[in-house]
2 protein chains.
Amino acid sequence: MANVICDAVRLVLIGTRNPLNIGAVARAMGNFGFRHLRVVNPYDPAFREARSAVGASEILRHAEQHNSLADAISDCTLVIGTAAGVGRDPQHPILLPAEASEIIRAHGGSVALLFGSEKRGLSKSDLSYCQVLLKIPTSEHHESMNLGQAVAVCLYEFIRHEACPASIVQPATATATDLDRITAVLTSGLLARGYMPAEGRDAAELKIRRLVRRLALNSRDAETLIGILRHLMREPAP
Amino acid sequence: MANVICDAVRLVLIGTRNPLNIGAVARAMGNFGFRHLRVVNPYDPAFREARSAVGASEILRHAEQHNSLADAISDCTLVIGTAAGVGRDPQHPILLPAEASEIIRAHGGSVALLFGSEKRGLSKSDLSYCQVLLKIPTSEHHESMNLGQAVAVCLYEFIRHEACPASIVQPATATATDLDRITAVLTSGLLARGYMPAEGRDAAELKIRRLVRRLALNSRDAETLIGILRHLMREPAP
């Protein structure tokens, strides 16, 4: 079962700057048997340095590099963000690592686990791609963890129960690409019809993307919904 | 209870060489609420560097420095070593982190948790002071963990039962009335635009009602969605 969860999870590092941290993430992945590492807009010299370091692991050498988060998670059916602090008005359900672990196990498909940059964590835009957030319970005075340590704790938690309940057969969850299509159809349709919240166009898109991510769609529902939306935008029959 | 276990445990680093690792240990301790750090024969300039670094934590500045392990653990009533690999003929009971956590809880007094140097781990002599060993379950091909990451995993495990369930403030779930409004708006809008599945009008309504129920909407999302749907059915702006 460890293999199932190890195969399912893609570690996605966004805007990481320190090559030591990228190396530390790869090392923790090797320790716990995870293999899929994706980096989005890494600080370039740092990533090249980490990848070419003597003793760089297979994981690091095979890490995929992407130019956008949407691209990095396009094949994933569940996207989990990680958060140090949590604002006053959380937009997402917030899970402990053990709770996230159960959800990943129950989930049939590929899961992206996102880590933001060392300094700023995940941006609002990054968060709008997430269905849930994972938060490691840390002291309120020292909330922010080192990146490599946070990854180690998450991966340890994901594999700590070797013997685990069998995952249930469920219809495949909608992919990030499906959700992006819905978001695009909705956004363009609304803007064409003069929908414009006070906060402006970008805020509108973020708002719609977050809404769509919360809908818990399976892939069949996603198709239906796109059909429905296209239909709604037609002229009324006379 | 977190305080009890945090007060009980003394982290003991033996012969650590890299100041970044000492700093990482202190950071993880701060994250999880542990305070007692002891270093035995650290590589001296490294320890001075870590301790005097800008932003060095209280924990690091108050770390005790000892010249022998015996001295560092003299007030402890339970000594737990940490091991990467375990030889063919283990001399100690070997515990998973969760098992060690239970033993620490059941134990009344001070507990030392020992970590050896980055390169060699604990020596035979160090091990002779231990009652039990803790081993983090790692892949057999990549057994050896980074020091700061191993400490983070252990401390996380020791306090994980104290963490209250995270799922915090969440908006209220949409009521059946909200869902009925959405279903009604959708159904009438679609039928007005000529949407008619082969199974007929009643089947269409059932299908839409089921879809809407699967969307996991909260009440705020339900309002937004009704607004969006009403908007979509307007004429496109010229």
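How many percent of DSSP beta bridges within chain B run antiparallel, rounded to 5?
Values: 2 of 24 bridges.
Close to 10 percent.
Only Cα pairs under 8 Å and at least 6 apart count here; give the relative contact order of segment B:1-49 as a rounded whole percent.
Numbers: 51 pairs, mean separation 25.6, N = 49.
52 percent.
Assuming R0 = 60 Å, what is the FRET efficiency of B:Arg234 and B:Ile103, from their Cβ-Cβ distance, to the nearest 0.05? Walk me through the intermediate numbers first.
Values: r = 67 Å, r/R0 = 1.11.
So, using R0 = 60 Å, E works out to roughly 0.35.
Using a 1.4 angstrom probe and counting only protein chains, how large is the accessible area of A:Leu114 in Å², to 10?
Approximately 0 Å² of A:Leu114 is accessible to the 1.4 Å probe.
Please give the per residue volume of the convex hull enclosing the alpha carbon atoms of segment A:17-76, rounded to a whole number of Å³. The partial results should precede the final answer.
Numbers: hull volume 4.4 nm³, N = 60.
Convex hull of Cα atoms, per residue: 73 Å³.
Taking 7 Å along the Cα-to-C-beta vector as the label spot, tell me the A:Arg17-B:Ser110 distance in nanometres, rounded to one decimal.
In this crude spin-label approximation the distance works out to 4.0 nm.
Compute the acute angle (0 to 90°) between the alpha-carbon long axis of helix A:19-32 and the principal axis of greatest extent of the alpha-carbon atoms of chain A; round to the nearest 10°.
Relative to chain A, helix A:19-32 is tipped by roughly 80 degrees.
How high is the FRET efficiency between B:Glu143 and A:Arg220 when r is their beta carbon distance and R₀ equals 51 Å, given to the nearest 0.05?
Working: r = 44 Å, r/R0 = 0.86.
E between B:Glu143 and A:Arg220, to the nearest 0.05, is 0.70.
Which listed residue (A:Phe158, B:Leu215, B:Ile103) has the Cα farthest towards the positive end of the charge dipole for the protein assembly as shown, taking +1 on Lys and Arg C-beta and -1 on Asp and Glu C-beta about the Cα centre?
Farthest towards the positive pole: B:Leu215.
Any idea how many Lys pairs in the protein assembly as shown come in under 21 angstrom at the alpha carbon, given 8 or more places apart or on separate chains?
On the way: A:Lys119/A:Lys135; A:Lys124/A:Lys135; A:Lys124/A:Lys207; B:Lys119/B:Lys135; B:Lys124/B:Lys135.
Close lysine pairs found across the protein assembly as shown: 5.
Given the C-alpha centroids of segment A:208-225 and segment A:35-70, what is the distance between them in whole angstrom?
If you average the Cα positions of each part, the centres end up 31 Å apart.
Identify which of A:Ser144, A:Ser52, A:Ser117 has the largest mean-square fluctuation in a Gaussian network model of chain A, with springs joining Cα atoms closer than 10 Å.
Largest GNM mean-square fluctuation: A:Ser52.
Mind checking A:125-135 for the average number of partner chain beta-carbons within 10 Å of each residue's beta-carbon?
1
Just the number: Rg to Rh for the protein assembly as shown, Cα atoms, Kirkwood Rh, two decimals.
Details: Rg = 26.1 Å, Rh = 24.6 Å.
Radius of gyration over Kirkwood radius for the protein assembly as shown works out to 1.06.
Relative contact order (percent) for segment A:1-93, with alpha-carbon contacts under 8 angstrom and 6 or more residues of separation? It would help to have the intermediate numbers written out before the result.
On the way: 103 pairs, mean separation 25.8, N = 93.
After rounding, I find 28 percent.
If you take each beta carbon of peptide A:94-107 and count the beta carbons of other chains within 10 angstrom, what is the mean? Walk me through the numbers before you get to the answer.
Details: counts 6, 3, 6, 4, 5, 3, 1, 0, 0, 0, 0, 0, 0, 0.
If you average over the peptide's residues, the count of other-chain Cβ atoms is 2.
How would you order A:120-127, B:11-18 from highest to lowest mean count of nearby Cβ atoms within 10 Å?
Working: A:120-127: 16.8, B:11-18: 21.8.
Ranking, from highest mean packing down: B:11-18, A:120-127.
Highest mean first, what order results for B:99-105, B:195-201 on Cβ atoms within 10 Å? Spell out each step's value before the answer.
On the way: B:99-105: 17.3, B:195-201: 11.3.
Going by the mean number of other Cβ atoms within 10 Å, highest first, we get B:99-105, B:195-201.
For peptide A:136-144, how many partner chain Cβ atoms fall within 10 Å of a residue's Cβ, on average? Show your work: numbers first, answer last.
Numbers: counts 7, 12, 8, 9, 1, 3, 11, 2, 3.
Other-chain Cβ atoms within 10 Å of each residue's Cβ, averaged: 6.
How far, in degrees from 0 to 90, does helix B:201-213 lean away from the longest principal axis of the Cα atoms of chain B, to the nearest 10?
Computed tilt is about 20 degrees.
Take every DSSP beta bridge whose two residues both sit in the protein assembly as shown, then give the antiparallel share in percent to the nearest 5.
Percentage antiparallel, nearest 5: 10.
For chain A, take the longest principal axis of its alpha carbons; what is the angle in degrees between that and the long axis of helix A:147-159, to the nearest 10 within 0 to 90?
Long axis of A:147-159 versus the principal axis of chain A: about 80 degrees.
What value in Å³ per residue do you get for the convex hull of the alpha-carbon atoms in segment A:110-238?
Details: hull volume 19.2 nm³, N = 129.
Roughly 149 Å³ of hull volume per residue.
Under the convention of a label 7 Å out along Cα→Cβ, give the distances in nm from A:Arg201 to the same position in every other copy, shortest first.
Once sorted, the set of distances for A:Arg201 reads 4.2 nm.
Defining the label point at 7 Å along Cα→Cβ, can you sort the distances from B:Asp7 to the same site in each other copy, shortest first, in nm?
Its label point is 4.9 nm from the equivalent points in the other copies.
Rounded to the nearest 10 Å², what accessible area does B:Ile73 have for a 1.4 Å probe in the complete protein model?
20
The values are calculated or read from the model by the stated rules, or taken from the named source; none is laboratory data. The model shown is predicted, which means the values in this text are computed figures rather than measured ones. With ideal geometry, Cβ positions are generated from the backbone for all residues, glycine too; neighbour counts draw on all protein chains shown. Surface accessibility is based on the protein's heavy atoms, side chains included, excluding ligands, DNA and RNA. Shrake-Rupley method; radii C 1.70, N 1.55, O 1.52, S 1.80 Å.
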